[in-house]
Amino acid sequence: MLAVFGHTNPDTDAITSALVYARLLTRQGVEARAYRLGELNFETPFVLREAGVDVPDLLPTLEAGAAVALVDHNESAQSVPNLTELTVMRVVDHHKLGDLTTAQPPYLRFEPVGSTGTLLLKLHREAGLPVERADARLMLSAILSDTLHFRSPTTTPDDREAVAFLAPVAEVADVEAYALAMFAAKSDLGDTPAETLLRMDYKVFPFGDPTRPQSVQQWGLGVIETTNPGYVLGRQAELLAAMDRVRAEDGLNGVLLSVVDILNETNRTLVLSATEEKVLREAFGVEMAGGLADLGGRISRKKQIVPTLEAYFTPTA
Ligand code: MN
Ligand code: MN
């Protein structure tokens, strides 16, 4: 049995891609089962309800050598703690390649598209398998979620074509209205504790030159995508306290939390200390006011934040 899972702090793409890929593999004669590596955000339960699909189980502890398939991630820092002991058979992903190594020749599918959902549609087509309604709904939702309905600069023509193809199969008549309902569900944060908000869409990245381990810094990068940034910014003090705790607990060099206004396409990032302020100023050339850095229209961590920090921490000679 192949265990299929997306990254820790799962987003909609990480959950739906595990479900869709496990089903696709099973239809192709590979016994596979979807799992999750953490609690769901506020958007994903809405998507699963709409699709009529159950929440996947938490991944149990796997014995060394167990066969796994990774979706929507490949870096060990974002995966199961004992990834290096497991047998990675397959990866379907749209992120930069990290530290992945395998003991056997794996199946790999990487493309710089907006969502793993887009790649899973391609895999259905290449296998000559019709897309079922629930799977169509899951892939459609993943693409809308990851691309913020095509607002993100990560959006490609393949993502737009996939949504146009999937919408009628998924029986979504009004894609714009459906996307807004997803984003509203995601933004309905209630009295969620600040640390949960910080960790909901949160990834740790090593920056620096891996051949000189003493130069490597670990940074935690959180994003809150919301249609109601005023609510999140109203909890600035609590969120800063949570960032301070997480930096200490996880032994990080710095923590950034970006509040992305989905509808207005802006990014205001909370500034924890002089360390983060220096990096934001020097890497992005932005100014701070009121404990916030205005990162303008940089709404994609993957395309507009991480590469800039990589270049900053690893200057080329
Ligand atoms: Mn993801
Ligand atoms: Mn994704």
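The values are calculated or read from the model by the stated rules, or taken from the named source; none is laboratory data. Everything quoted here is computed from the prediction, not taken from an experiment. Cβ placement follows ideal geometry from the backbone for every residue including glycine, while neighbour counts extend to all protein chains displayed.
If the condition is being part of a helix (DSSP H, G or I), away from ligand 1 (no atom under 12 Å from the Cβ) and of a type in the set (S, T, N, Q), then region 17-47 contributes only Thr26. Scanning region 133-172 for residues that are among the acidic types (Asp, Glu) and under 20 Å from Val71 (Cα atoms) turns up Asp135, Asp146, Asp158, Asp159. The test for being crowded, with 21+ Cβ neighbours inside 10 Å, over 20 Å from Leu24 (Cβ atoms) and out of contact with any Leu (no Cβ under 6 Å at 6 or more places or on another chain) does not hold for Ser115.
In this entry, Thr102 is excluded by the filter for residues that are of a type outside the set (Gly, Ala, Ser) and either out of contact with any strand residue (DSSP E or B) (no Cβ under 6 Å at 6 or more places or on another chain) or within 13 Å of ligand 2 (Cβ to nearest atom) (or both).
Pick out the one residue from Gly98, Gly117 that is part of a loop (DSSP other than H, G, I, E, B), closer than 29 Å to His149 by Cβ and within 16 Å of ligand 1 (Cβ to nearest atom). It would help to see each step written out before you state the result.
Details: Gly117 fails: part of a loop (DSSP other than H, G, I, E, B).
Of the residues listed, the single one that is part of a loop (DSSP other than H, G, I, E, B), closer than 29 Å to His149 by Cβ and within 16 Å of ligand 1 (Cβ to nearest atom) is Gly98.
Scoring Ala14 on the criteria (1) modelled with pLDDT of 95 or more; (2) within 16 Å of ligand 1 (Cβ to nearest atom); (3) outside any helix (DSSP H, G or I) leaves a single failure, condition (3).
For region 213-243, a residue qualifies if it is at pLDDT 95 or above and out of contact with any strand residue (DSSP E or B) (no Cβ under 8 Å at 6 or more places or on another chain), and the qualifying residues are Asn228, Gly230, Tyr231, Gly234, Arg235, Ala237, Glu238, Ala241, Ala242.
If you check Ala237, Ala242 for being out of contact with any helix residue (DSSP H, G or I) (no Cβ under 7 Å at 6 or more places or on another chain) and assigned to a helix (DSSP H, G or I), only one passes: Ala237. The residue that is farthest from ligand 2 (Cβ to nearest atom), among those in region 48-91 that are within 24 Å of Gly220 (Cα to Cα) and part of a strand (DSSP E or B), is Leu58.
Scan region 257-273 and give yes if some residue there is surrounded by 21 or more Cβ atoms within 10 Å (Cβ to Cβ), of a type outside the set (S, T, N, Q) and assigned to a helix (DSSP H, G or I), otherwise no. No, region 257-273 contains no residue that is surrounded by 21 or more Cβ atoms within 10 Å (Cβ to Cβ), of a type outside the set (S, T, N, Q) and assigned to a helix (DSSP H, G or I).
Please work out if Thr118 is touching a helix residue (DSSP H, G or I) at 6+ places or on another chain (Cβ under 6 Å) and within 15 Å of Ile262 (Cβ to Cβ).
Values: touching a helix residue (DSSP H, G or I) at 6+ places or on another chain (Cβ under 6 Å): yes; within 15 Å of Ile262 (Cβ to Cβ): no.
Answer is no for this residue.
Here the helices (runs of 4 or more DSSP H) wholly within region 141-220 that include at least 1 residues being of a type in the set (Lys, Arg) and without any contact (Cβ under 8 Å) to a residue 12 or more places away in the chain are 157-170. Number of residues in region 274-317 that are basic (Lys, Arg), in a helix (DSSP H, G or I) and within 22 Å of Ser115 (Cα to Cα) equals 3.
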